[in-house]
Each structure stands twice: as structure tokens, then as C-alpha cells.
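Every read-out reported here was derived from the displayed coordinates using simple, explicitly stated rules and does not represent laboratory data. All values reported here derive from a predicted model rather than from experimental measurement. Every residue, glycine among them, receives a Cβ derived from its backbone with ideal geometry; neighbour counts consider all protein chains shown.
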Amino acid sequence: MTYKPHSSHWGAFSAAAVGDRIDVVPHPDDPCPSPILDNLRDAPGHRSRVRKPAFRKGWLDGGPGPDTRRGSDGYVELEWDEAIPLIAAELTRVEREYGPGRVFGGSYGWSSAGRFHHAQSQVHRFLNTALGGYVSSYGTYSAGAAQAIMPHVIGGLDKVARTDDLWGELATTTELVVAFGGMPVRNAMVSAGGVSRHVALPSMTAAHRRGARFVMFSPLRDDMPAEVEAEWHANLPLTDTAIMLGLAHVLITEGLADRAFLDRYCVGFDRLADYVTGKSDGVAKTPEWAEEISGIDADALRELARAMAARRTLVTVSNSLQRAEFGEQPVWMGIALAALTGQIGQPGGGFSYSLGAIGNVGKRALGVPIPTLNQGKNGVGDFIPVARITDLLLNPGATLEFNGKVLTYPDIRLVYWAGGNPFHHHQDLSRLRAGFARPDTIIVHEQFWTATARHADIVLPATMTLERDDIGASQNDTKMIAMKQVVAPQAGARDDFEIFADLAGALGRRDAFTGGRTQREWLAEMYEPTRAALAALGRNAPSFEEFWEQGEIELPTATDPGLVRGFVQSPETAPLPTPSGRIELFSDTIAGFGYADCAGHPKWFEPVEWLGGALAGTYPLQLVANQPANRLHSQLDFGAASAGRKLNGREVARIHPDDARARAIATGDTVRLFNGRGACLATAVVTEDVRPRVVQLSTGAWFTPAGTDDPTCLQGNPNVLTRDVGTSRLAQGCCGQLTLVDVERFDGEAPAVDPYAPPLARG
């Protein structure tokens, strides 16, 4: 039995086929391997695999056009030599009648850790080279608000968050960590492109042993690992910005703010200070004011602010906080709070966005490039913020304000999706289903019968990473992995590259897509820039064949100080890429947009759906729809690690004993979570690890509606409940983290649930 090197978003490993299962061994250098690797063991042969090209029966019978039967229709399997001409004919029709500006190449998702068989890159290259382009999307669901606000304030997200060795400094230098939204290790287990060493938990425990103090603001106790004994402040969700303002009030009014730092490195302090002290609006943002909004004791905030001024302090803001209405504000205010301490750019101090929220944050960036597939040139200029998919499909011709621009939604006729599952990451799934009913044709590449596949017209069976060769690499991981094929492709599965090559051939554009290269030749060509950069640095630079034989190589990290530290060291010669070249506590640019929901400085805006608002009288619990510990988003939901944390075949909804008692709910009960948008079933776990008036249900369960006319999700997908609105007109980011609901015990026999049965037509 031969074990071959491989990689995934949740870790590098070696694997071998053992009968009909995969044996997986974590990389020997990984001090804290992810349990999510267990989801791979039974995946290749799982019954939910798409085994042949599958066409929705209604599309085959009636041809292209809007259809409300998507999501309930059966599928007919065809052979590849039948499928390719049908798809090519539909692509030709759409291109001739409407042009590429009516094709949406969404393809948002994590897809493959491999750099060549990266589904998003493959589909975008195909649409660019074979059709002339497509309507694209900007940003991510994970960090859409941060991606929009940070360039105005301090610099691009990646340049700020992913350049410094914060984990190493945390372990050795940081004295106080103030974590808004926590630093959940479960999230740091995953990283785009792969991660060979999981260092979050070892670094935090090392800091704790050294005496570092951890303070967390979150409604969930386990948003910080138990090993660090964090002080848990269970604030009302959506109130973190108010808490930060209360801390800032102490720093400013007690003379603890570092004026020398603010004067040299920032602009707009006086404007922000006028707001914090109440000079501009008549409301002082005192700790008492913050307590009234958040529920956190004013004296505790006052003590914490003084400690932040006296100790080497790191302020962290999680991804979760900006996935909510006005999500730009906690990111901006977190930067401002760290600036007040004067510690931005100092080892172990300052500000970090999403430290602990994803595995590639807090590590030094690489000093050499990693392989990247050339996607070609997109001849279509139209785009949408990624979280506005449903608006795009439902509202052709409507306009959208976004980051100082006004966008117009094109009339989308064809959707081509590969490498993602919008029925996992999008909000208000009933509304998304309505959007998916509108295009003429939806084509999806998938390995499994996910909800997205079940709402498509054409589903093409794609290979898993274990079934192909590739190169695993990430900009913040020092190992490049030769991802070697472990098992043969299952059933009728083909690589995305092979599918697109055949489609491009049917359109007369095969060479334009393939570049005249085989898959192996592409891997060698994509490897070359890395090899050349290593050689230029005088490092070991093996040929591609030598790298492939070795199975991995070590890559060096960058030697420059990074964007923010370089600026702090020399603000005159290394200014920030902001309009002023400095940290902007007040932004003239943003103020100039005139947005009522995003002012010129960080500000507390009262959300629509929060426990302090009027709607809480109808739906009195705040749902926290956070990331799961047992899978990456919805990937491999059927796997051992994922299934092992479900109860009675459903996702777990955690609820505080007080709220459970009021509803006669006990651990193990089937419960119904509901609001005006929808409902889902889950299995209750009663625990004090969530604060009162909060219920927690992780995302990622495959959407399994009760029936054609009943969208209740039987497995526990919270996005039937979440609100599909933008964070603000600045970012138009995702608001899927938090929403108001109520919960009731489900009496009687709960409906059976089987999300994994292929929806093939009978007869």
C-alpha cells in the first residue's frame, strides 16, 4: 500500500486507497491536525456522487427558459458524447442571442486546494476564452464588509491581515488580547490553498502559559479555546462597536490615548473624538452608554481600557462581526481602538482582522509566487458584490449603490457554476430559489448532489482532488505539496479541465482554452515561476519532475516588514495606500459618498434585527449562524467528522437553559426554528455555553426542503432564516451571521431526512 502526498483546505496529508475507503495520515509536521480530514475517508464512493451527466427532465422536455420546477424536478442521465453537444448548442444560442454580458460565472466557493484544478479559475478561463467573458462577482461572503472598508482606512485586507507572524509574536510578546468575536480554533483549521501546520492553538496556549491575559466579547463561550481561560464577556450580539466606543471614551477622556502616534500616523482623530465624547451629536459614548446597549458592565470596560493602555495589547476582530448589518463598523472601530493605544505596527500589539478566523491569517506571507492558472481576459465589465446574487437574478435593470459606484444588474440568461454551493452560503434560501427559477439555463459542475446541483438544469460530474494530480500551495504556508492522484475517478467523473476542453472544442475554441497544453504540461508551466524565484534567491530550486518525485518543497517567507509595519517604521517613505497615506479615523472619501448607513468615521448604528429592537418582541432570540467545527462550510457534509456531530440526523441547535425551560425544550428534542422568512428543524442541546436569548446553529447542513411548497429545511440549514440584505451601501456584504428567530419544540414524529439520495427521474 502506497501513501501519496496530498493537500486540502483543512490540512496537508498522505493518503492511500484501502478497499473502498481512503486512509488519511496528517502531515508529520502538523502540531494540531484538523479532525475534518476524517470527512475524506468515505467520500470518493459515496452514494451522493454525481455519476453521469444529468439533465433536468423539464429542461430536456421543454428546452431552456425560466422554470419554477428547479429544486423539485427529477434528472435524466446521459452519456458524455450526448451531453457535450447539447451544452455547446445552448452556449452558442445564448452567445448569439444575448452575448457574454448575459452569462453569470458566479462560481464562488472554496473549490479545490489545488492551484490548477481550481474550479473557479477553470470556469472563468473557459468563459473568457470560449465566450469572450462573463458577469463576475467581487469580494467574499466571509469578509465582504472588511474588504470594502479597509482600503479606505488602512490598506487592502490581505496586505494588512496576512503579512506578519502574529502567532509567533502572540506566543512570545503579547500581554493582553482583546478579542471581539473571539478566536475560535475551529475556524483557524482551514485555509484557502491548504495549511501544513496548524499553529493557532499551540500559540495561544504558549501565550497563556507565559501569563498573557485573554478577554473575549462574544455570545458563545467556545469562541475562545478553553485552554487559555479567557475572560468571557457575553455581550448582546451586534453591539461590539458600541463596546469599542465605550473603551475609546475612557482612553480619550482619561488622557490614555497615544497622541504622538495619532498625530504622526493617523488623520481624523479630532473628528472621531468629537463623536466619542458627544461633542458632535450630544451623546457621550461612555462605558455606561455602552453597558445600556451591550449588557457589559461599565466598570469592567473602564478597567479593560486602562489595561489596554498599560500593556502590550492586541485587538482582534473576527470575520463574524462584519457578516452582519453595518458590518463595516466593528472593523473600522477595531482599527481606531488599536490606534488609540499607539501599538499598531508593534510586535505582538496593535490590530488584527480575523486572527483565529482562518488559517492563513497571522503567518508571514511567502517570498516567492505560488502557481496560478491564467484565467484569460474578461471582455465583460459588469460585476456584482458577491452577496447580491439573488438581487441580480430577480431584478434585471435595477441599480445598486456600492462603494461610491452605481451598478446596474444585467439580465442574466445563463448561469455557469463550478466550485461552490450558493445554497450553503447565501441568505434567505426561499428568495434564492425564486432567483434560480429565472434564468434560461443553469449549468453546474459537481461531485455530489448538493442543493445547488438539485436546482440546476445540467449537472456535470467532476472529479475530487483525490482523483487527480495537482499542486497544493497557499500564500501563507511554507510547503508546496505535489497532490498526487490517490484513486481513479469514480463512475463518469471528469476533471473540470477535460470537461471545458471538450466544450471549447465543440465551440471551435479548444486551443484557446487549453493553450495547446496537456494537464501535466500545465502543472509544469505553473510551477516554473516558483522555481525561478527560488533560484533567484539562491534557494534549492528543483525541476518540476524533481519536485513531483520529492512530494513537497519548502518555500521561504518574505523578508520585508509588511505594509503596516513598513509604514510605522517610515511613514514618509512607505505611506499606506489610503487617500491620505495614513490610517484614516475619519475618511473624507467615505463621507463624500453621502451614505446614511456608513458615515465618515466609525459609528454605532442600531440594527434592524437585534435583541434591543422592536422586532425582538415577535422573534425574541438571536440566531448565531456561525461556521461549523466539523466541516468546511458545506463540503462533505455526509463525512464521518460532520455526521458525528449531528444528533438524530440533524444539525445541533444550542440554547441556554433559561430559554429552553421557557419553551419546555430538553437536550435531544427536535426543535423548529422560525421567523417570517422560513423555518428549519434541528436537534436541541441545552447549554450555558451560549448566553441567554441566543440560539446557535452552524451553517453547512445541506438544504433539504420538506416539500415543493414547504421550504422548511429538515436537516437544519440556518440560511432559510437569515436576511438577504447588504451590510451597507459601502460594501453590500453578507448579513448571514445573525438574525432574529423563535424556537419551539417539535411535537409528534419528526419527518425523516435524507439529503444525499440522488434525485434521478424514474422510468
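Distance between the C-alpha centres of the stretch 373-451 and the stretch 302-325: 35 Å, rounded to the whole angstrom. Considering only Thr205, Val190, Pro396, the residue lying farthest towards the positive end of the dipole of the chain is Pro396, judged by Cα position with unit charges set on Cβ. With equal scatterers on the alpha carbons only and no solvent term, can you work out the Debye log10 of I(q)/I(0) for the stretch 614-745 at 0.18, 0.22 1/Å? Per q value, in the given order, log10 I(q)/I(0) is -0.97, -1.38. Note on the chain: with charges restricted to the Cβ of Lys and Arg (+1) and Asp and Glu (-1), its dipole about the Cα centre is near 440 debye. With the cut-off at under 16 Å, measuring from each backbone N in the stretch 659-695 to a point 7 Å along the Cα-to-Cβ line of Thr618 picks out 674-679.
Charging the Cβ of each Asp and Glu at -1 and of each Lys and Arg at +1, and nothing else, the dipole of the stretch 448-594 about its Cα centre rounds to 180 debye. Counting only aspartates and glutamates at least 8 places from Lys57 when in the same chain, those with an alpha carbon closer than 13 Å to its own are Asp67, Asp73, Glu77, Asp457. With all pairs of different C-alpha atoms in the average, the Kirkwood value for the hydrodynamic radius of the stretch 448-519 is 14.4 Å. Among beta bridges from DSSP that stay inside the chain, the antiparallel ones total about 55%. Relative to the 2.2 N^0.38 Å rule of thumb, the stretch 1-160 has a C-alpha radius of gyration ratio of 1.37. Counting only the Cα atoms, the stretch 259-370 fills a convex hull of 148 Å³ per residue. Remark on the stretch 164-363: Rg and Dmax equal 16.0, 52 Å (Cα only).
Taking packing as the residue-averaged number of other Cβ atoms within 10 angstrom, the listed peptides 365-371, 22-28 run from highest to lowest as 365-371, 22-28. Within the same chain, lysines fewer than 8 places from Lys285 are excluded, and of the rest, those with a Cα less than 16 Å from its Cα are Lys603.
Ordered by the count of other Cβ atoms within 10 Å of each Cβ, fewest first, Ser280, Ser318, Ser14, Ser121 give Ser280, Ser14, Ser121, Ser318. If you wrap the stretch 122-254 in the convex hull of its Cα atoms and look at it from every side, the mean projected area works out to 11.4 nm². Look at the Cα gyration tensor of the stretch 7-72: its axes a ≥ b ≥ c give a/c of at least 1.5 with a/b over b/c, and that counts as prolate. As a proxy for reagent exposure, ranking Phe116, Phe269 by other Cβ atoms within 10 Å from fewest up yields Phe269, Phe116. Label separation (Asp658 vs Glu572): 5.8 nm, computed from points 7 Å beyond Cα along the C-beta direction. Any idea which of Gln519, Leu555, Pro571 is furthest toward the positive side of the dipole for the stretch 519-577, if Lys and Arg beta-carbons carry +1 and Asp and Glu beta-carbons -1? Looking along the dipole axis, the top candidate is Pro571. Estimated translational diffusion coefficient (Stokes-Einstein, Kirkwood radius over Cα pairs, 20 °C, 1.002 mPa s) of the chain: 80 µm² per second. Quick one: grab the alpha carbon gyration tensor of the stretch 553-622, order the square roots of its eigenvalues as a ≥ b ≥ c, and give me rounded if a/c is under 1.5, else prolate or oblate depending on whether a/b is larger than b/c. Oblate, since a/c reaches 1.5 and b/c is not below a/b. Assuming charge only on the beta carbon of Lys and Arg (+1) and of Asp and Glu (-1), the dipole of the stretch 614-745 about its Cα centre is about 180 debye to the nearest 20.
Excluding same-chain neighbours fewer than eight residues apart, the lysines reachable from Lys4 by a Cα-Cα span under 28 Å are Lys52, Lys363, Lys479, Lys484. Cα convex hull of the stretch 547-686: mean projected area in nm², to one decimal? Result: 16.4 nm². In terms of packing, defined here as the mean over residues of other Cβ atoms within 10 angstrom, the peptides 310-317, 571-578 line up highest first as 310-317, 571-578. Contact order, relative form, for the chain: 21 percent (alpha carbon pairs under 8 Å, 6 or more residues apart, mean separation divided by residue count). Ranking of Lys363, Lys4 by neighbouring Cβ atoms within 10 Å, starting from the fewest: Lys4, Lys363. Dividing the helix sum by the residues of the chain, where each DSSP H run of 4 or more adds -39500 (n - 2.57), gives a mean residue ellipticity at 222 nm of -8000 deg cm²/dmol.
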